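The values are calculated or read from the model by the stated rules, or taken from the named source; none is laboratory data. On a predicted model such as this, the values are computed, not experimentally measured, just so you know. Counting neighbours? That spans all protein chains shown, and the Cβs are built from the backbone with ideal geometry, glycine included. All accessible areas refer to the heavy atoms of the entire protein, side chains included, with ligands and DNA or RNA removed. Shrake-Rupley method; radii C 1.70, N 1.55, O 1.52, S 1.80 Å.
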Amino acid sequence: MEFLEELGFDRTMYLKPVNWSSFKHALTRKKIVDYDEESKLSKVLSTVDLVALGIGSTLGAGIYVLAGDVARNTAGPAIVISFFIAAVASVLAGLCYAEFGARVPKAGSAYIYTYVCIGEFCAFIIGWNLILEYLIGSATVTKAIFTYLDKLTDEKMSDFFNSTVPIHADGFGNFTDLFSLTLAILFSVAIAFGVKESSFINNIFTLTNLTVVCTVIISGFWKADTSYWSIPKEKIPSGYGDGGFAPYGIKGIIKGAARCFFAFIGFDCIATAGEEAKNPQKSIPIGVVVSLIIVFLAYFGASAMITLMLPYYEQDRDAPLIYVYERMGWPVLKYLVSIGALCGLFASLLGAMFPLPRIIYAMASDGLIFRFLSKVHPKFHTPFMGTLVAGTIAGVLACLFDLEKLSSMMSIGTLFAYSMVAACVMVLRYSEEKSVKPKDSKEETLYKVFLRQIIFPQSDVPTKLTSKFVSSMIMSFGFLCLFGSGLLAVFEEELNKGEIWLFTLLGFIAVSLFLILLLVSLQPTSSQTLTFTVPLVPWIPGLSIMINTYLMTTLPTSTWIYYLCWMAIGLLIYFLYGFWNSLEGHKNSDTYPLRKRKDVESSGL
């Protein structure tokens, strides 16, 4: 029992009877943020640091691995269009993150935004999704570094581990990858020793990576051949499309965009550093937008160059840039690219590991997961235990498991988090301003004037009625997006055949989505002044939700099964621990022991 109390269990709260009303209130209780409260984390990150963090966590595998595979098998030279579509989708989500970063400059990213705006249960779901994203992301990048170094050493590393520590079990890797385990732990220790120090290392990696990318783009002009973007069909090998700029058609461009979108995952790590930024209201919006623009230009330029230097069907799936320079007979640039690739992957690993302990810290501080994970080191001012635990778990995943089937799991969590943030932006923009009372509060409750209030609001500020209406419309919008995206994914063959019933149903859904956003746009908005706001609300957040939902439905069934298993574990933790030990639930609670309350207050949680 003492061990459980160390984890944060409170026997008094746990044994308290709960009725439906209190249970419903607990799920929707919102976090009250004290912006004047001094953070225990060090405020040492500048705008440049946040931009470098966003670039470093995003600019990596998209150039050094993904571009060759997408160009060869999915989009052809039109990969540049695929990257453009993916960038637009990412910028839409990034704008929403930027506004929330200006509103809530606290550690925790989408988790804290949802906690403040929607409620505790949804916040836990988002936080649990983000933990999954960064855990799998860290393990995947660690494994990618091992694979890249293994290729440079003619697979001597994998041969050694295969002969000494093999694994003979389904679902696991072929051997125990002790290198990846050690690398993950070393990176977590480096991050735990100080934010400024790890940020300085990340800046060096990112600068080197950008220098190499610029070298690739500039050197490509010497060997660029525009005829590779218009190769006739008769010269194309069987199985590689119809030639030309878009050999796989519009469908290939869209599928390529869905794959390229995941190359932009990672910029949200900027928002997790809100408490460690010197001026978060200014730095977070600038960091998100600038980093996404730079990453897009890098992806666009590099993918254009490799398809202009070599036909798309000859691209290498695993290391396209190195292969291109081998074919060009430029060994010096080949090794320069190798250095850039390693720096890019190291920066991606740092970018994936950096936000993970911050998410854990925020959730543990709120009592939704085990509270000991929120302890901040008195000297380094970092979530020391959370960082080491997160790095060790990521290292074990990379060490033991075959990550091919697990890697796409982080996409669901990320896309779901993006959608929730976009929804939260709309909810907050149209939220009730309690300081301003309506002229006649009774009139608002009358059903006969409901439509007049919704279509022609009598107040210039959001009221209780308009706020609830917007919330219900946003929920309906999300369900319609999911239903419509599901139809597109399940009945793709019928869509290609032009089935009338399907087009009619999709047309009805499209009109309904437009009308919902139109009705929402007619409602009065909040007068709160922010350093950054998303333009064209609710249209931009609504478009972001539509795109994210569609991309989620394109993921394979096996990914959804793994995801549901992960969520089942999370729900078990929440209802057995977080529900009873939530700090928000303990506030103003007579049943919460005075000693415990003082302990929480003195710890800063």
- Which one of the conditions (1) in contact with a Ser or Thr (Cβ under 6 Å, 6 or more places away or on another chain); (2) open to solvent by 50 Å² or more (accessible area, probe 1.4 Å) does G367 fail to meet, given that it meets all the rest? (2)
- Note on the structure: Checked against (1) farther than 30 Å from M546 by Cβ; (2) modelled with pLDDT of 85 or more; (3) in contact with a Pro (Cβ under 6 Å, 6 or more places away or on another chain), T392 satisfies every condition except (3)
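Within the range 245-275, how many residues turn out to be in a loop (DSSP other than H, G, I, E, B) and at pLDDT below 85? Show your work before the answer.
Quick first cut of the range 245-275, residues in a loop (DSSP other than H, G, I, E, B) only: 245-248, 265-268, 273.
The next check asks that each one be at pLDDT below 85; those that pass are 265-268, 273.
Result for the range 245-275: 5.
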- Query: What pairs come up if the first residue lies in the range 568-581 and is surrounded by 15 or more Cβ atoms within 10 Å (Cβ to Cβ) and part of a helix (DSSP H, G or I), the second is at pLDDT below 90 and basic (K, R), and their beta carbons are under 8 Å apart, counting only those six or more places apart or on different chains?
  - Reply: N581/R371
- If we keep just the residues of the range 464-485 that are under 15 Å from P541 (Cβ atoms) and open to solvent by less than 10 Å² (accessible area, probe 1.4 Å), which is modelled with the lowest pLDDT? V470
- Residues within the range 120-169 that are open to solvent by less than 20 Å² (accessible area, probe 1.4 Å) and of a type in the set (D, E), tallied: 3
- Message: Among the residues in the range 276-290, are any part of a loop (DSSP other than H, G, I, E, B), in contact with a helix residue (DSSP H, G or I) (Cβ under 8 Å, 6 or more places away or on another chain), in contact (Cβ under 8 Å) with a residue 24 or more places away in the chain and crowded, with 24+ Cβ neighbours inside 10 Å?
- Response: no
- Query: Looking at (1) at pLDDT below 85; (2) more than 24 Å from the chain's Cα centre (by Cα), which is the only condition T182 fails?
  - Reply: (1)
- Look through the range 293-324, keep the residues that are modelled with pLDDT of 85 or more and of a type in the set (S, T, Y), and return whichever of them is farthest from S57 (Cα to Cα). Y313
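Could you list all residues from the range 486-510 that are open to solvent by 90 Å² or more (accessible area, probe 1.4 Å) and within 20 Å of K255 (Cβ to Cβ)?
Taking the range 486-510 first, the residues open to solvent by 90 Å² or more (accessible area, probe 1.4 Å) are 490, 493, 496-497, 500-501, 503, 508.
Hits for the range 486-510 are V490, E493, N496, K497.
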- Query: Tell me, which helices (runs of 4 or more DSSP H) wholly within the range 24-119 include 3 or more residues that are open to solvent by 10 Å² or more (accessible area, probe 1.4 Å), out of contact with any Phe, Trp or Tyr (no Cβ under 9 Å at 6 or more places or on another chain) and at pLDDT 70 or above?
  - Reply: 47-58
- Could you say whether any residue in the range 206-226 is touching a Ser or Thr at 6+ places or on another chain (Cβ under 8 Å) and assigned to a loop (DSSP other than H, G, I, E, B)? no
- Query: Looking at (1) at pLDDT below 75; (2) over 20 Å from the mean Cα position of the chain (by Cα), can you tell me which one M385 breaks?
  - Reply: (1)
- Out of the residues in the range 323-348 that are within 29 Å of the chain's Cα centre (by Cα) and more than 22 Å from A86 (Cβ to Cβ), which is surrounded by the most Cβ atoms within 10 Å (Cβ to Cβ)? V337
- Mind checking which pairs have a first residue in the range 481-493 that is within 11 Å of T554 (Cβ to Cβ) and a second that is among the aromatic types (F, W, Y) and open to solvent by 70 Å² or more (accessible area, probe 1.4 Å), Cβ under 9 Å, 6 or more apart or different chains? S485/Y550; L488/Y550; A489/Y550
- Task: Could you check, for the range 490-500, whether at least one of its residues is modelled with pLDDT of 90 or more, on the phi < 0 side of the Ramachandran plot and touching a helix residue (DSSP H, G or I) at 6+ places or on another chain (Cβ under 8 Å)?
- Result: no
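Please enumerate the residues belonging to the range 511-527 that are in contact (Cβ under 8 Å) with a residue 40 or more places away in the chain and open to solvent by 40 Å² or more (accessible area, probe 1.4 Å).
Let us first name the residues in the range 511-527 that are in contact (Cβ under 8 Å) with a residue 40 or more places away in the chain, namely 516-517, 519-520, 522-527.
If the condition is that a residue be in contact (Cβ under 8 Å) with a residue 40 or more places away in the chain and open to solvent by 40 Å² or more (accessible area, probe 1.4 Å), then L519, L522, T525, S527 are the ones that fit.
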